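Notes for the one structure printed next.
Each value in this text was obtained by applying a stated rule to the coordinates, not by laboratory testing. Keep in mind that what you see is a predicted model, and the values were worked out from it rather than measured. Quick reminder, even Gly has a Cβ in these numbers, built from the backbone with ideal geometry, and neighbours come from all protein chains shown.
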Ligand SMILES: [Zn+2]
């Protein structure tokens, strides 16, 4: 269920069961359990599950997995954005025995919802994660490009 670097298996749209994070796995066997409360074992797993939470507009999960020190106030749903692709480029530490880790990724989305032209946008970030109370949380990140 892991190691799908560069896997382009994420089929756009639909709720047919494949995970939005593009791992190629089924949602119920990939990010689903994390969004339901199971601790993500690695920083990469947490990062993927947060992407999936963005894609599903699961704001509660984004808040729970964001370090309280850096979490923005009043995170709210953004229903106009459609997340379409995730590629994990690099990881440093962040394993089951680590206390911190970094994940570099590129994510793409379509802007605009009903009114917009569906312009494709891309973000490239190197995110930092730390373990807090036994669970991985997102700390902050550097925008690249
Ligand atoms: Zn997933």
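Calculate how steeply helix 43-56 sits against the longest principal axis of the alpha-carbon atoms of the chain, using the helix alpha-carbon long axis, and give the answer as 0 to 90 degrees to the nearest 10.
Helix 43-56 and the main axis of the chain meet at about 30 degrees.
For the pair residue 92/residue 142, report the inter-label distance in nm, with labels modelled 7 Å from Cα in the Cβ direction.
So the two model labels end up 0.8 nm from each other.
Remind me, relative contact order of the stretch 27-143 in percent, using alpha carbon pairs under 8 angstrom and six or more residues apart?
24 percent
Restricted to Cα positions, what overall size does the chain have along the principal axes? Three whole-Å values, descending.
Cα spread of the chain along its principal axes, largest to smallest: 44, 34, 32 Å.
Using Cα springs under 10 Å in a Gaussian network model of the chain, which residue among 133, 37, 60 shows the largest mean-square fluctuation?
133
In what sequence, highest mean first, do 49-57, 136-144 appear when ranked by Cβ atoms within 10 angstrom?
49-57, 136-144
Run the simple label-point estimate for residue 76 and residue 124 please: 7 Å along Cα→C-beta, distance reported in nm.
Label-label distance for residue 76 and residue 124, simple model: 3.2 nm.
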